[in-house]
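The structure follows.
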Amino acid sequence: MVFLMTDKLFVFNCSSNVVGGAVQNSVNFIKQIYTRNEQEQWYFILSEVVFRQVGSFVSTDRHSVFSSPAKSFLSRVKIKLLVNKLNPFLVYTSAGPSYINFNCTHIMGCSNPYVLGPSRASLSILGGIYSQVKRRLHSLYQLYHFRKSDYWIVQTEVSLNQLIAKGFPEKNIFVVYNSVSLDFLTKKNQFEDLSNKKDIKVLVPSAYYPHKNLSIIPKILNKLNKPGATKFSFFLTVEPSAYEYLIQDPEFNQVQQHLTNLGPYKHKDAVDLYCSHDVIFLPSLLEVFSTSYIESMAIKKPLILPSLEFTQGICSNYPLYYDTDSIDSCIESFNQIGNYYKFSEKYVLVSETLITKYGSQNERYTKISNILFNLK
């Protein structure tokens, strides 16, 4: 390993980012560094998942790959020893907790919804009291590790207020919205008339966690796919092991003919994946800020979401919302997807307004780097 000799070295740590939006944001951030030719200032501590997407261009002397420190004390020790040797100006952990108490200035992204403030509905779906207590204790453990940072970056004003309520100093917290990648911004997609389409492909771009609420999919499919009606096929993007677990459920087994698991996808394939489907469906009961929401809006895809404070706060009146306690309400949302084409002018305006608000990955990187480079 070649240790870097620069006046101000920054370490980007995404070693605990192994699924979902956290991986995507890490990949985008690293790409921005190389696009701007700023790699001389950085060293990268990568998870194996992130490395698979950036390993082709990240210099061998500028990165190390570790198994997630979330479950490996050995990784924690190795990462801390490495950072001590590098002696950087600061460590930026993309999405914490990092599980490591660094000796230098540490700024950490905080987008863990269970730590920030889970809803009752998201906790109830975990199962019985034992599972809920276990989750609460784990959240307290993660919160303890979040406190081992000097500064924090959150994605919404709601998250800012949640951290403040937990005793975090407001002056050390920065709000930077999530954003859309250039691939989605430059894809000139238009709303498609789905009102007479006989086969509708529904993409569920989500990893598997209980709060993602994928368990309602069999009930939806059973009610949607009636004889003579439009055929709906759902396409999941979960790990193969998670899919094997899901289809052990008798309800999933009954609708397997309408289900396909595409497996986790790389960010470079995301825009083509979205465009090859008709509808985006995300039944999650708990999020801080899902990039999938704004990606769907950017390429003018019908978006079906549960009616919750965070979904409405992020997406305004772009999605077709449904009542989380009613499968019939969800079915009605699917039956209304033709309205996107019918009222396309309205949805285009909402989409463009929100995309302008959240900005591009380029703008997001600029905001974060300005924060990092100006810390004392």
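State which residue is nearest to S276 (Cα to Cα) when the search covers only region 207-242 and only residues that are open to solvent by 30 Å² or more (accessible area, probe 1.4 Å) and of a type in the set (S, T, Y).
Ranking the candidates gives T230 first.
Give just the number: which of (1) closer than 21 Å to V271 by Cβ; (2) under 17 Å from the mean Cα position of the chain (by Cα); (3) hydroxyl-bearing (S, T, Y) does T311 not satisfy?
The one condition T311 does not meet is (1).
Can you list the strands (runs of 3 or more DSSP E) lying wholly within region 20-93 that have 3 or more residues being free of Cβ contacts under 8 Å to residues at least 60 places away in the same chain and buried (at least 20 other Cβ atoms within 10 Å of the Cβ)?
42-47
A further question on this structure: Any idea which of P97, P113, P88 is over 24 Å from the mean Cα position of the chain (by Cα) and closer than 21 Å to I368 by Cβ?
P88
I'd like the full set of residues that are part of a helix (DSSP H, G or I) and open to solvent by 20 Å² or more (accessible area, probe 1.4 Å), limited to region 259-280.
Selection gives K268, D269, D272, L273, C275.
Given the conditions (1) modelled with pLDDT under 95; (2) open to solvent by 80 Å² or more (accessible area, probe 1.4 Å); (3) within 27 Å of I107 (Cβ to Cβ), report the number of the one that Q190 does not fulfil.
(3)
For L160, only one of the following conditions fails: (1) without any contact (Cβ under 8 Å) to a residue 60 or more places away in the chain; (2) closer than 30 Å to I355 by Cβ; (3) surrounded by 21 or more Cβ atoms within 10 Å (Cβ to Cβ); (4) hydrophobic (A, V, I, L, M, F, W, C). What is its number?
(3)
Let me ask another. Being surrounded by 13 or more Cβ atoms within 10 Å (Cβ to Cβ) and modelled with pLDDT of 90 or more is true for just one of S139, S122. Which residue is that?
Only one candidate passes the filter, namely S139.
Mind checking which residues of region 351-365 are open to solvent by 30 Å² or more (accessible area, probe 1.4 Å) and within 20 Å of the chain's Cα centre (by Cα)?
Kept after step one, since they are open to solvent by 30 Å² or more (accessible area, probe 1.4 Å), are these residues of region 351-365: 352-353, 356-357, 362-363.
Once the filter is applied, which keeps residues that are open to solvent by 30 Å² or more (accessible area, probe 1.4 Å) and within 20 Å of the chain's Cα centre (by Cα), region 351-365 yields T356, K357, N362, E363.
Right, next: Determine, yes or no, whether D193 is part of a helix (DSSP H, G or I) and acidic (D, E).
For D193, the condition - part of a helix (DSSP H, G or I) and acidic (D, E) - is not met.
Also, I was wondering about something else. Do you know which residues across region 163-187 are assigned to a loop (DSSP other than H, G, I, E, B), touching a helix residue (DSSP H, G or I) at 6+ places or on another chain (Cβ under 6 Å) and open to solvent by 30 Å² or more (accessible area, probe 1.4 Å)?
Across region 163-187, the qualifying residues are Y177, K187.
The values are calculated or read from the model by the stated rules, or taken from the named source; none is laboratory data. Nothing here was measured: the structure is a model prediction, and the numbers come from that model. Glycine gets a Cβ as well: all are built from the backbone with ideal geometry, and neighbour counts include every protein chain shown. Ligands, DNA and RNA are excluded from the accessible area calculation, which covers all protein heavy atoms including side chains. Shrake-Rupley method; radii C 1.70, N 1.55, O 1.52, S 1.80 Å.
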